[in-house]
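J.: The following block contains the structure, expressed as structure tokens.
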Amino acid sequence: MDFFIISRIKEITHLKHDKQIAELINLSPTDFNNRKKIGTLLPLLIDWGIHEKVNLHWLLTGEGDPYVYKEMKDIREVNNEYPAPPDPIDQIMQGFAQLFKDQKKENEKSHDLCNKVLRKFSDLEKKFKKM
């Protein structure tokens, strides 16, 4: 199984040699070859795939799209190279920005509702004073 996964990693990274894959997952070539022989590379290859946003189903079976996010595939096709993953800090900041934007909308809705209720109470108060 490791052989097929290594072949798929070579395919999407445009690397040709096991030595390059060893460097990619921070192993020495000797350690890589030893792990390959005894079949203990799989956890490291899966960790790499998760980190790089590779579709694990594709990595293990060869079925489907290699990338979890379509934009990763588009970048690779445009640049014809292995793309850098999205910056996690940027993703977190974008998430917070969206959260704040959504919260602002909710606050504005709540504010409008409070103003409507206050106007109704004010109108009722005026009516009672006239009585």
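J.: Find all pairs meeting these conditions: Cβ atoms under 8 angstrom apart; at least six residues apart or on different chains; first residue within region 93-115 and at pLDDT 75 or above; second residue part of a helix (DSSP H, G or I).
T.: Qualifying pairs under 8 Å: none.
J.: Looking at region 1-20, which of the residues that are charged (D, E, K, R), closer than 19 Å to T40 by Cα and over 22 Å from the mean Cα position of the chain (by Cα) is modelled with the lowest pLDDT? Quick ask: steps written out before the conclusion?
T.: Within region 1-20, the subset charged (D, E, K, R) is 2, 8, 10-11, 16, 18-19.
From the residues that got through so far, the ones that are closer than 19 Å to T40 by Cα too are 2, 8, 10, 18-19.
So of that shortlist, the ones also over 22 Å from the mean Cα position of the chain (by Cα) come out as 2, 18-19.
On the way: D2: 77, D18: 94, K19: 94.
The selected residue is D2.
J.: Here are H57, H14: which of them is in contact with a Gly (Cβ under 8 Å, 6 or more places away or on another chain) and not acidic (D, E)? If you could, list the steps in order and put the result at the bottom.
T.: Working: H14 fails: in contact with a Gly (Cβ under 8 Å, 6 or more places away or on another chain).
Exactly one residue qualifies, and that residue is H57.
The values are calculated or read from the model by the stated rules, or taken from the named source; none is laboratory data. No experiment lies behind these values; they were computed from the predicted model shown. Using ideal geometry, Cβ is built from the backbone for each residue, glycine included, and neighbour counts are taken over all protein chains shown.
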